[in-house]
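The block underneath contains the structure these notes are about, expressed in structure tokens.
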Amino acid sequence: MASERRYIGELLAASGAFVGDHDDLVECLEQSAVGICVVDRTGAIVWVNAALCAALGRDPDDCVGRHAAELHVDPEVFTDIWARLGAGERVRGRPARLRGTSGTCDVVLSASAGRDPRGALVGARFCMRAPVGPADPAAAAMVAGAPLGIVRAQLDGTVLAVNRALCDLLARPPAELVGHDLFALTHPEDRQFDQEKFAQLCAEQTRSYAVAKRLIRGDGSAVWTRVHAGVVRGPGGEPRFWFGLVEDIDAARLAEDERRRRERQYELLSRLSPVGIFLGEADNECVFVNEEWVRITGRTLPEVRGGGWRRALHPDDAERVIAGCRRAFVEAEPFSGEWRMLRPDGATVWVLGQFAGVLDGAGRKLYVGTITDITARVRAELDRARLAVIVENAADALFLLNPDGTVAIWNPGAEKLLGHAGAEIRGRFLGDLVPGHGREIEAALRRVLAGDVVRELEAQVRRDDGALFAVTVSACPVHDPTGEVSAISVILHDVTELKDVEQALRTSESRFRGLVEATAQIVWSTDPSGAAVEDSPSWRAFTGLTLEETLGAGWLDAVAPEDRARVRETWKQICSSRRPGSMEYRLRRADGTYAATEVRAVPMLGQDGEVREWVGVCVDVSEKRRVEEQREALVADLRRAMHYQEMFMAVLGHDLRSPLSAILMATSLGLRRSGDERTRRVLHQIASSGHRMLRMIEQLLDVTRIRAAGGLEIRPTRADLAAICRTIIDEHQQANPAARVVLDVRGETRGTWDVDRLSQMASNLIGNAIQHAEGAPVATAQVDGREPGVVRFVVHNRGVIAPEMLGAIFDPFQRAAKGGAKTAGLGLGLYITEQIALAHGGSVAVESTRTGGTYFRVELPRHPRPATLSPPGARDQDGVPLLRGDVVG
């Protein structure tokens, strides 16, 4: 017995974990609460302590002498541990299952090898730590047979146990899982997130978590799983081990990925589709449009959602298209056709559209529409129709010849020029239609078939009536899609009149030369460098210089000395530019006096593009200058007269306001006190006329202010143009309940403006739209602030302004219509409206057509800058006020 204890002590000492007296060592370990066994070099158990025997429910004799692998439920676990010990490794924290007499014991093994002085393996020590004890057979069977994968691991991530479902899911035996790193099984792309959630769980930052992640199967493939994880804690709340339920979601995840892939494909197809796509529902109408639909219509999904898409239809086509869409949805009758879309900028786009009712996967009824931009095709068709009209009505003779030179197609101009009926032209060789030029025509056609273009070949045509015409023949090839010449296009142009004109021109040129010699103007010419080389009788007669004195640069002696250097440099620049030029200088007359002259020089170019000579004239403008000075004096007098007239209007307007205010106050007092209905009607008429007269006086005063100060003075503050328009619309609708005005607000409509002046501008435009409206709604007003620096205000109605009135519509005392009750007033509202826009640095424009109605478009800077034109109060050098728009300085 003593020798056995000494042998066991030696093995324990050889394992490197214990030192001291061998008997004392064995005595200590026999009393340990940790299960310990010692094996020899063959793996046979030579000693066990009481704690291990109690845990397994076995006597020491039932253990000693057995091979250690016989006590393992999973012998491959012992085999792996023994191989590691043989390789010189120490094993720590390896989960294992031991066979107890009453069931399986789950333990955590630590092992160390004992070696002799030569390093040979002589035995090993095994320590079995908690959990030590027999497992519950029912619980073990439930875990083993669970359909979900179950895994238990230490808090350092070492796998303690797995069930069969997890092994099957990962296609790995338990030995490849138990004792290995839990996170090594996680896909590298999911590993960091998984470790973070595990750390939060162990740090008690969360009680449990669920995560979708990929696990690596035995064959290296990945499987999608959903892991529900938690921590089992001891009686004191300390974490003991981690456990997780592993659900196979690979099929569901693949199905979800496939659904998303199809959605991405549909989204990509929709985005890249060359047609606009529209999706609508019964309740919400439009619910989706693709990018091409937005590009074609210029309207985004928020703008057309619901019933907003109707605004994208051209008014003339809207009723037909909406009815077709309704039939497609209600009656399942497909609708297709061509119609126009109206973009927000007023541009019209022709589309080929289709609508059809469909059912989605949930059985809901939808309608799908597509539009294709055919504007180019429609325009091309229109261009072809126009071209056909041009060809049909062309005065020239137009032919399309077959490659052999015979006529295939011709226009009426050909019949008229040749004097032949169509039957006499068809199939004839072109050379036969131009007698005497057959060989030239044949040679020209051969050149065209080779790809050349023949231009203006001169010929003569004699008609059946004997008339002789001079013509030019031009021809070019017509290529088919393969690039081969399939036909020849020919034009016969009647140049009889041109020849007559050329003869007349030659006669006229001869006459002109004689006229130059007799003219009062000075006509001269120089060489390309600008030196005088020819005689000019008119120059000699005016200046008194001889030819010899004029040649070269001698002509400069007749220029006033003060102008001479400037004229020399200017003439040098004109000659170097090779372009027409002009200048002014004083030229000495033969009597020694100087005359103001205007000089104009033109280069005469040769066929090579080089200057052959310069030709010019000198015109005595002394009398013209005197007339201009008189005119400027008259203009100054007229401006002063206008200034005095405006002062008179201002004084008159101011003086009229006082008695008019008294009349209105008396009328108001009479209305409050009088009970007689007849008297009240008269007082109402007086009050209405008085208020109209007061508005006229205010407009006259505004005109006076504009003229006197060079424009309206504004006091900008923070303002909202949309809010101003709502107030004005409410005021007009209270005064005229039958007038319906629709306001459309887009984007940010706030800025820095004069609130009173913008209210006046909006009232003028909206009031005019109501007054001259035709149809319903009476008018529409749009405030568009989608651009950062500009806010636009557009007022539209169905009324039409006569075209001859559009050019002067913003002039003072102009009306949009002649006569009638609608034109009561001075015609100053639109003039003042324009001045308000100009005072803010903006603009106002009008367009009016019978099909589209009338649009007034105002564009205002969101934050007006100081005016760069004439400021308020600016005056000219004579003290006359400048209008805004006159350039300062």
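Bear in mind that the values in this text are calculations on the coordinates, not laboratory data. Just so it is clear, the model here is predicted, and its values are computed rather than measured. Here Cβ is always computed from backbone atoms with ideal geometry, including for glycine, and neighbour counts include all displayed protein chains.
Annotations
- Spacing of the two label points (7 Å from each Cα toward its C-beta) at residue 640 and residue 70, in nm: 14.0 nm
- Straight Cα distances below 18 angstrom link residue 499 to the aspartates and glutamates 396, 456, 458, 509, with same-chain residues fewer than 8 positions distant left out.
- Check: segment 394-500 dipole with +1 on Lys, Arg Cβ and -1 on Asp, Glu Cβ, in debye: 120 debye
- When you count the other C-beta atoms within 10 angstrom of each residue and take the mean per peptide, 152-161, 47-56 line up highest first as 47-56, 152-161.
- Near-label residues of segment 541-581 by backbone N, under 18 Å of a point 7 Å along Cα→Cβ of residue 521: 541-543, 580-581
- Centre-to-centre separation between the Cα atoms of segment 375-405 and those of segment 751-768: 52 Å.
- Cα-based shape type of segment 53-99, given that a ≥ b ≥ c are square roots of the gyration tensor eigenvalues and the cut on a/c is 1.5: prolate
- Likely footprinting exposure, 809, 409, 801, fewest C-beta neighbours within 10 Å first: 409, 801, 809
- Positive-end extreme of charge dipole, segment 310-429 - chosen from 351, 409, 321 (charges on Cβ): 321
- Each of 665, 805 was scored by other Cβ atoms within 10 Å of its Cβ. Arranged with the fewest first, they read 665, 805.
- Neighbourhood net charge (11 Å Cβ-Cβ; Lys/Arg +1, Asp/Glu -1) for residue 251: -4
- 766, 574, 216 arranged by Cβ crowding within 10 Å, fewest neighbours leading: 216, 574, 766
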